[in-house]
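**Q** Before we start, here is the structure in question, set down as structure tokens.
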Amino acid sequence: MIIRSVEFIISAAASTQFPEVTYPEIAFAGRSNVGKSSLINALLARKQMALVSGKPGKTKTINFFLINKLFHLVDLPGYGYAAVAKSKKEGWGPLIEGYLSSRPNLKLVLHLVDSRHEPSLQDHQMQEMLQYYQIPNLVVATKRDKLTRNQWPQQRAMLQSSLHLETVPLLFSIKEPQTRDELWQMIEQRVGELSIP
């Protein structure tokens, strides 16, 4: 995937602010501090398109980016960070579910989990929500570089079994460029050709 243009569209704090249904959408969901912003920046080959923070729970809105004037990349708020006020977390729930349940052009959700750990309760709830709304999704296990190569098979198998996945998740690392190419290939296999002709 060659990224020729990235245009920030809006940070939506309510469903009334979502852009019109015009382009196909690929959304990113995951626990706070799972590496979602870093993965998005790596995919787009940009350093600070999605704001990376050492403080989990930074993304509080749904951020829309127009990629190559062909599709929207959608960054959902991270979930599960204990230090975020309960009222804010409760607000994000309806916002995320409102997005997932209302976008007929949503082609794929990349559900990010940490490759090092058992999926959290919120990870399981996200999978259940995606299944409930029958949204195609791909589980991407981040921080592969924190594992030894010998651990890769067992962690993939553990995540596949725990989340009841039909396919093994992709292990991803922002430090390993080949995983970026693998992920773009998997995205295009699921949603069709996204490159500019």
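The values are calculated or read from the model by the stated rules, or taken from the named source; none is laboratory data. On a predicted model such as this, the values are computed, not experimentally measured, just so you know. Neighbour counts are summed over all protein chains in view; Cβ atoms, including those assigned to glycine, are modelled from backbone coordinates with ideal geometry. Protein only, heavy atoms only, side chains kept; ligands, DNA and RNA dropped before computing areas. Shrake-Rupley method; radii C 1.70, N 1.55, O 1.52, S 1.80 Å.
**Q** So how exposed is Asp181, as accessible area in Å² (1.4 Å probe, rounded to 10)?
**A** Approximately 80 Å² of Asp181 is accessible to the 1.4 Å probe.
**Q** Let me ask you something else. Find the Cα radius of gyration of the range 96-137, compare it with 2.2 N^0.38 Å by division, and give the number to two decimals.
**A** In units of the globular-protein estimate, the range 96-137 measures up at 1.21.
**Q** Can you tally the net charge around Ser162? Count Lys and Arg as +1, Asp and Glu as -1, for every other residue whose Cβ sits under 10 Å from the Cβ of Ser162.
**A** -2
**Q** Taking 0.36 nm per residue of sequence separation and subtracting the Cα-Cα distance, how much length would be gained by fully extending the chain between Phe8 and Leu165, in nm to one decimal?
**A** Fully extending the segment from Phe8 to Leu165 adds 53.3 nm.
**Q** Pairs Lys36/Lys146; Lys69/Lys175; Lys107/Lys175; Lys60/Lys143; Lys36/Lys143: which are spaced more than 19 Å apart, C-alpha to C-alpha?
**A** Result: Lys69/Lys175; Lys107/Lys175; Lys60/Lys143 exceed 19 Å.
**Q** Can I ask one more? From the phi angles alone, apply the Karplus equation (6.51, -1.76, 1.60; θ = phi - 60°) to the range 3-14 and give each ³J(HN,Hα) in whole Hz, x where the residue is Gly or Pro.
**A** 8, 9, 8, 10, 10, 6, 9, 6, 9, 8, 9, 8
**Q** Applying a 10 Å radius around every beta-carbon, put 150-157, 119-126 in order of their mean neighbour count, most first.
**A** Descending mean neighbour count gives 119-126, 150-157.
**Q** When the chain is fully extended, how far beyond the present Cα-Cα distance does Glu176 get from Lys47, taking 0.36 nm per residue of separation?
**A** 44.9 nm is the gain from fully extending Glu176 to Lys47.
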